[in-house]
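The structure appears right after this line, and notes come after that.
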Amino acid sequence: MKDEQMDWVWQWQKVEGGSYLTCNLLSPWRHGFFSKDFYPHTPEKLTSIFQADCKAYRVKQVHGDRILTPQEITSQNLLHGFSNADAVISDDADQSVWVASADCTPILIGDRATGRVCAIHAGWRGTSQSIVKGAIAQFVESGSQENLRIAIGPAIAGKVYQVDDCVAIKVGKTIIADAESKTDTAILKELQQLTDSPILDDELPGKVRLNVPRVNQLQLEQLNINPAQIAIAQDFCTYQQSDRFFSYRRTGERKVQWSGIVSA
């Protein structure tokens, strides 16, 4: 199946004196990429904004590739704190799943066939471990890939995200064929030659600018997901839009904005 529309609309919603961002690609689900207006509200509080009478599930994000279901989170029965993971994928209807970010890439996924949803925290470390590919694999186990709808939310823009070459190479290996047999120099060159490359030049030696959302988009496309099934919030940058978002790279503050979606 192929969607007719590829110019997906991102729109700010106003509620309780604050704004959160939605994408019409995910219109079948109650969802939002929340701005800093809602800090320090928790997912439990934010779920009520969706007028959803359901339980919120979140994890302690550790920049890895672990994905948990609400059942797995509940079964751990932690007395204090949250389970270590970087994504939550629903296993029943009316479950609210959440991730936090402050420059890293938030990704929300919905399955039109099953109603299942997933919230992913994909920083450069999680992206280098292909966390989004792991999430897609779990969806495919219980449904069909063509029913997935994927929104890649506001993150730090590639043009302002300076990283060491070695970081870009580690992340970029996930989208380069036979990367293990190639030198780092060859990998970096191949990345720079890609159409709409996720690697931009930097004025300092040993540095480049890295577009993490674009890497995640390419990972998805290499799984043969139709580009029309993917929306990317490329006009929103956590680092540059200080009126809307917290940015750890900009201020060094450990403040976050939440992104969440409710299963159908």
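The values are calculated or read from the model by the stated rules, or taken from the named source; none is laboratory data. Computed from a predicted structure; not experimentally measured. Reconstructed Cβ throughout: ideal geometry from the backbone, glycine too, with neighbour counts over all protein chains shown. Side chains are part of the model used for accessible areas, which takes the heavy atoms of the whole protein and leaves out ligands, DNA and RNA. Shrake-Rupley method; radii C 1.70, N 1.55, O 1.52, S 1.80 Å.
Can you name the condition, by its number, that ALA168 falls short on among (1) in contact (Cβ under 8 Å) with a residue 12 or more places away in the chain; (2) under 17 Å from the mean Cα position of the chain (by Cα)?
For ALA168, the exception is condition (2).
Mind counting the residues in the stretch 55-80 that are surrounded by fewer than 18 Cβ atoms within 10 Å (Cβ to Cβ) and hydroxyl-bearing (Ser, Thr, Tyr)?
Number satisfying all stated conditions: 2.
Residues of the stretch 35-55 being closer than 17 Å to GLY153 by Cβ and among the basic types (Lys, Arg), which ones?
Once the filter is applied, which keeps residues that are closer than 17 Å to GLY153 by Cβ and among the basic types (Lys, Arg), the stretch 35-55 yields only LYS36.
Quick check, is GLN240 assigned to a loop (DSSP other than H, G, I, E, B) and either polar (S, T, N, Q) or open to solvent by 50 Å² or more (accessible area, probe 1.4 Å) (or both)?
Criteria met by GLN240.
Against the conditions (1) farther than 21 Å from GLY126 by Cβ; (2) at pLDDT 95 or above, where does PHE33 fall short? Just the number, please.
Here PHE33 meets the rest and fails (1).
Looking only at residues that are open to solvent by 30 Å² or more (accessible area, probe 1.4 Å) and either of a type outside the set (Asp, Glu) or at negative phi (or both) in the stretch 81-102, which one is modelled with the lowest pLDDT?
Filtering the stretch 81-102 for residues that are open to solvent by 30 Å² or more (accessible area, probe 1.4 Å) and either of a type outside the set (Asp, Glu) or at negative phi (or both), the one modelled with the lowest pLDDT comes out as GLY81.
Give the residues of the stretch 27-51 that are part of a loop (DSSP other than H, G, I, E, B) and out of contact with any Ser or Thr (no Cβ under 6 Å at 6 or more places or on another chain), sorted by residue number.
SER27, PRO28, TRP29, ARG30, TYR39, PRO40, HIS41, THR42, GLN51
When you scan the stretch 103-122, how many residues do you find that are crowded, with 24+ Cβ neighbours inside 10 Å and over 10 Å from the mean Cα position of the chain (by Cα)?
Count: 4.
Of everything in the stretch 123-158 that's charged (D, E, K, R) and under 13 Å from the mean Cα position of the chain (by Cα), which residue is nearest to VAL88 (Cα to Cα)?
If we take residues in the stretch 123-158 being charged (D, E, K, R) and under 13 Å from the mean Cα position of the chain (by Cα), then LYS133 is nearest to VAL88 (Cα to Cα).
Kindly list the number of the only condition in (1) closer than 25 Å to LYS189 by Cβ; (2) of a type in the set (D, E, K, R); (3) not in a strand (DSSP E or B) that fails for ARG209.
With respect to (1) closer than 25 Å to LYS189 by Cβ; (2) of a type in the set (D, E, K, R); (3) not in a strand (DSSP E or B), ARG209 is out only on (3).
Go through the stretch 222-237 residue by residue and tally those that are open to solvent by 80 Å² or more (accessible area, probe 1.4 Å) and on the phi < 0 side of the Ramachandran plot.
Summing the residues that are open to solvent by 80 Å² or more (accessible area, probe 1.4 Å) and on the phi < 0 side of the Ramachandran plot in the stretch 222-237 gives 3.
Please specify each residue of the stretch 14-28 satisfying the condition of being out of contact with any helix residue (DSSP H, G or I) (no Cβ under 9 Å at 6 or more places or on another chain) and either open to solvent by 10 Å² or more (accessible area, probe 1.4 Å) or over 19 Å from ALA151 (Cβ atoms) (or both).
LYS14, THR22, ASN24, SER27, PRO28
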